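Undergrad: Handing you this structure, nothing more for now.
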Amino acid sequence: MKKLLSAAIANCLLIGSAYANQQLSTEDAIGMAGLMICDVFYSDIDTKESAQQAAIIKKLVTEQYKTGIEHMMMTQQTSDELDLYIAQFKASDEPKKVQLCQDAINYTQDSTVASLGMR
């Protein structure tokens, strides 16, 4: 799962990209990973509320990709913290997963596009 998220979050092999020299902050990496994990989480729940949450997540992911976040570089520390986040999410019960998803949504909605990766 981390390989898929890492590829989606920070495609570090793109040389010549305008974003290649920018570091993806740990918070932004976890925020994006949280959105992607929660997209899967909510797609497995068949309720009106989960469908609404999934729609919000899809919109946020689309907006974040417009910033070039997928081309930013990820440090080893960020990668390690991303591993920890994913493990914590997997080990959580459903109410905790819902809270983690809400946290990811709130973080991403509150982050400004101009400052992504530059905090």
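Undergrad: Run the 1.4 Å probe and let me know the accessible area of residue 27, rounded to the nearest 10 Å².
TA: It works out to around 100 Å².
Undergrad: Highest first, please rank the peptides 98-104, 74-80 by the mean number of other Cβ atoms sitting within 10 Å of their residues. Could the numbers behind the result be given before it?
TA: Details: 98-104: 17.4, 74-80: 14.4.
Output ranking for 98-104, 74-80: 98-104, 74-80.
Undergrad: With all protein chains present, calculate the accessible area of residue 89 using a 1.4 Å probe and round the result to the nearest 10 Å².
TA: So the heavy atoms of residue 89 present about 10 Å² to solvent.
Undergrad: Now a separate question. Treating cross-link reach as a plain straight distance, find the aspartates and glutamates whose alpha-carbon is under 20 Å from the alpha-carbon of residue 59, omitting any fewer than eight places away in the same chain.
TA: Qualifying aspartates and glutamates at Cα under 20 Å: 27, 28, 39, 44, 46, 49, 70, 103, 110.
The values are calculated or read from the model by the stated rules, or taken from the named source; none is laboratory data. Quantities reported herein were computed from a predicted structural model and do not represent experimental measurements. Neighbour counts are summed over all protein chains in view; Cβ atoms, including those assigned to glycine, are modelled from backbone coordinates with ideal geometry. We work out accessible area using only protein heavy atoms, side chains counted, and drop any ligands, DNA or RNA first. Shrake-Rupley method; radii C 1.70, N 1.55, O 1.52, S 1.80 Å.
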